[in-house]
1. Check E50 against each of (1) assigned to a loop (DSSP other than H, G, I, E, B); (2) charged (D, E, K, R); (3) free of Cβ contacts under 8 Å to residues at least 60 places away in the same chain; (4) more than 15 Å from E97 (Cα to Cα) and name the one condition it does not meet.
2. Evaluate the stretch 131-147: report whether one residue or more is assigned to a strand (DSSP E or B), among the hydrophobic types (A, V, I, L, M, F, W, C) and at pLDDT 95 or above.
3. Among the residues of the stretch 106-121, are any assigned to a loop (DSSP other than H, G, I, E, B), closer than 24 Å to P47 by Cα, modelled with pLDDT under 95 and not small (G, A, S)?
4. Every residue in the stretch 17-47 that is assigned to a helix (DSSP H, G or I) and not aliphatic (A, V, I, L, M), please.
5. Every residue in the stretch 1-39 that is surrounded by fewer than 18 Cβ atoms within 10 Å (Cβ to Cβ), within 13 Å of the chain's Cα centre (by Cα), under 13 Å from S109 (Cα atoms) and not aliphatic (A, V, I, L, M), please.
6. Quick one: in the stretch 81-105, of everything that is touching a Pro at 6+ places or on another chain (Cβ under 8 Å) and part of a strand (DSSP E or B), which residue is nearest to S38 (Cα to Cα)?
7. Residue check: is Q49 surrounded by fewer than 17 Cβ atoms within 10 Å (Cβ to Cβ) and out of contact with any strand residue (DSSP E or B) (no Cβ under 9 Å at 6 or more places or on another chain)?
8. If a residue must be part of a helix (DSSP H, G or I) and either touching a residue at least 12 places away in the same chain (Cβ under 8 Å) or among the aromatic types (F, W, Y) (or both), how many such residues does the stretch 3-16 contain?
Amino acid sequence: MPEGFRFACPIRVRYSEIDRQGIVYYSRYLEYMDVALSGYFRALGLPYQELVEQHGFDPSVVKATIEFKRTARFDESLQVWARVAAIGRTSFTMDFEIMREAGGELVASAQIIYVNFDTATQASRPVPESIRRRIEAFEGTSFPSSG
């Protein structure tokens with residue numbers, strides 16, 4: 001387990017996710033992280049539909065930075081580790097580490113910034129306090145409030 005991470009999502013590389021060279025196509029890593037995002041909030045007792053419909057929390061990606069370390073191949077088992085690293089007024093930052101299950105080698109690391117998006121106004125809106133508290137309890141930390 002990478003230091004500071006409490007949540008992991010298992011992924012098995014499917015044939016449709018590899019390129020002609022037999023390795024995972026780069027854009028698929030973002031899909032893996034998206035699966036981990038949903039799993040992370042499910043682990044907090046907040047399935048995605050509930051986040052949106054009951055809590056007014058609809059995360060949308062505004063920035064993604066990925067660093068590729070090794071290749072992943074068809075049928076390999078990976079673990080996508082996820083944690084919230086920061087929470088702002090309308091946004092939050094998540095760190096991800098994708099590791100090979102066998103041997104624990106780091107395949108890729110990423111940081112993604114999400115904004116809480118309001119589809120009605122087409123603008124950002126504050127991260128609900130109830131969501132902030134749930135994340136802090138899960139992560140075992142307190143994020144400074146901004147604004």
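The values are calculated or read from the model by the stated rules, or taken from the named source; none is laboratory data. Computed from a predicted structure; not experimentally measured. Positions of Cβ are generated from backbone atoms using ideal geometry, with glycine treated the same way; all protein chains shown enter the neighbour counts.
1. Only one criterion in (1) assigned to a loop (DSSP other than H, G, I, E, B); (2) charged (D, E, K, R); (3) free of Cβ contacts under 8 Å to residues at least 60 places away in the same chain; (4) more than 15 Å from E97 (Cα to Cα) is unmet by E50, namely (1).
2. no
3. There is at least one residue in the stretch 106-121 that is assigned to a loop (DSSP other than H, G, I, E, B), closer than 24 Å to P47 by Cα, modelled with pLDDT under 95 and not small (G, A, S).
4. E17, R28, Y29, E31, Y32, D34, S38, G39, Y40, F41, R42
5. F5
6. W81
7. yes
8. Residues that pass the stated criteria total 1.
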